[in-house]
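Colleague: Have a look at the structure that comes next, please.
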Amino acid sequence: MEPKIEVIHVPAQAEPFVVVKKPKNLPSAPLADGDPSAYSQCENLFPELKNVSGKKAVEHGLVHRIDTETDGLLLIAATQDFYDWIQNVQSSGGFLKQYTAICHVDSDKNDGSFPEPPFWGPPKSVPAKIESLFRFFGPKNSFVRPVTDGSSKIVRKKASGTLYTTSLDSFEKVGCGVKVRCSIERGFKHQVRCHLAWCGLSVFGDKKYSRSDDGCELKFSASALTFPLENGRTFHIDI
């Protein structure tokens, strides 16, 4: 049976967007009309979403997406005006996305595909920042790797032209790992998971970036969204 979304926020005149909590193992967006996805379920509940034109026709006003194996918050515009507004907000760095991860504290940082990390394990104080360019890596570019000034000239040529920042906002000891709250303003594919693993904090269940095969499901969630509205107010939701 297809996992079901949970509607957190319904469209209103002053807040014309949908916020849903997506379960694990459900794609954020369809590849074609009618494919199982969180967006498709939203469209069935709110047909007005079809009137918004976005970057991909099949996704309409889907603004914030997450990986299939990740659970958490998605944002979908219900009007074209809001979609255009929030795209400008994202471009200016005004849309804050926060994630919660349960991480290993890794013992070995030797991996030739990664440059030297800015720190290793939980930093001495928070907030702490991890910054890098990114490049695609591996079969069919299914992974990403950080790129820094210390990377080779060949690697730097393959990198994105944008510096991406992950802020580590809080740490809490949980069982045999640590609970990390992270936030970003602009995102690259797998940015947070890759940045955490680079610094020795690979996410439990992360088959792409963890150095340990722990056999559990991915312990990574999109847990909060914060962005300004056109009326001057700020919208914030945290699950």
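Colleague: If the only charges are +1 at each Lys and Arg Cβ and -1 at each Asp and Glu Cβ, what is the size of the charge dipole of the stretch 66-204 around the Cα centre, to the nearest 20 debye? Kindly include the intermediate steps, with their values, before the conclusion.
Modeller: Values: 17 positive and 14 negative charges, 96 e Å.
That gives a dipole near 460 debye.
Colleague: Using Cα springs under 10 Å in a Gaussian network model of the chain, which residue among 215, 54, 72 shows the largest mean-square fluctuation?
Modeller: Looking only at 215, 54, 72, the biggest GNM fluctuation is shown by 215.
Colleague: Here is a follow-up. So what does residue 35 come to for accessible area, using a 1.4 Å probe and Å² rounded to 10?
Modeller: Counting only protein heavy atoms, the figure is 50 Å².
Colleague: Within the accessible area of the chain, what % is carbon and sulfur when the probe is 1.4 Å and the other protein chains stay in place? Present the calculation step by step, with values, prior to reporting the outcome.
Modeller: Details: 5970 of 11880 Å².
That share works out to 50 percent.
Colleague: Want the number for residue 48 to residue 137: 0.36 nm per residue separation, take away the alpha-carbon distance, what's left?
Modeller: 28.2 nm
Colleague: What is the Cα centroid distance between the stretch 189-239 and the stretch 122-186, reported in whole angstrom?
Modeller: 11
Colleague: How much solvent-accessible surface does residue 209 expose, in Å² to the nearest 10, with a 1.4 Å probe and all protein chains in place?
Modeller: The accessible area comes out at roughly 10 Å².
Colleague: For the stretch 86-239, with the dipole built from +1 on Lys and Arg beta-carbon atoms and -1 on Asp and Glu ones, taken about the Cα centre, which of 96, 152, 107 lies farthest toward the positive end?
Modeller: Going by the charge dipole, the pick is 152.
Colleague: From the protein chains alone at 1.4 Å, what is the descending order of accessible area for 154, 5, 102, 239, largest first?
Modeller: Ranked from most to least accessible, the order is 154, 239, 102, 5.
Colleague: Give the accessible area for residue 58 in Å² (nearest 10); use a 1.4 Å probe, count only protein heavy atoms, and leave out ligands, DNA and RNA.
Modeller: Its accessible surface works out to 30 Å², give or take rounding.
Colleague: Give, as ranges by residue number, the residues of the stretch 62-91 whose backbone N falls under 17 Å from the point 7 Å along Cα→Cβ of residue 33.
Modeller: 62
Colleague: Among 74, 168, 31, which one moves the most in a GNM of the chain with springs linking Cα atoms closer than 10 Å?
Modeller: Between 74, 168, 31, it is 31 that shows the largest mean-square fluctuation.
Colleague: Could you give the length gained by full extension between residue 186 and residue 237, i.e. 0.36 nm per residue of separation minus their alpha carbon distance, to one decimal place? Kindly include the intermediate steps, with their values, before the conclusion.
Modeller: Working: separation 51, 0.36 × 51 = 18.36 nm, distance 1.80 nm.
Stretched out fully, the residue 186 to residue 237 stretch lengthens by 16.6 nm.
Colleague: Cut-off 10 angstrom, C-alpha nodes, Gaussian network model of the chain. Which of 207, 179, 55 fluctuates the most?
Modeller: Looking only at 207, 179, 55, the largest GNM fluctuation is found for 55.
Colleague: Taking 2.2 N^0.38 Å as the expected size of a compact globular protein, what ratio does the Cα radius of gyration of the chain give against it, to two decimals?
Modeller: Against the empirical 2.2 N^0.38 Å value, I get 1.04 for the chain.
Colleague: How would 201, 133 line up by accessible area, probe 1.4 Å, largest first?
Modeller: 133, 201
Colleague: What is the dipole size for the chain, taken about its Cα centre, with +1 at each Lys and Arg Cβ and -1 at each Asp and Glu Cβ, in debye to the nearest 20?
Modeller: Magnitude of the dipole: close to 840 debye.
Colleague: Averaged per residue, what accessible surface does the stretch 51-204 expose to a 1.4 Å probe, in Å²?
Modeller: For the stretch 51-204, the per-residue accessible area is 48 Å².
Colleague: Still on this structure, I have one more. Run the reach check for residue 129 against lysines, Cα to Cα strictly under 26 Å, same-chain hits fewer than 8 apart removed. What comes back?
Modeller: 97, 109, 153, 157, 158, 173, 179, 189, 207, 208, 219
The values are calculated or read from the model by the stated rules, or taken from the named source; none is laboratory data. Since this is a predicted model, take the numbers as computed values, not measurements. Neighbour counts run over all protein chains shown; Cβ positions are idealised from the backbone, glycine included. The area values use the complete protein model at the heavy-atom level, side chains included, leaving out ligands, DNA and RNA. Shrake-Rupley method; radii C 1.70, N 1.55, O 1.52, S 1.80 Å.
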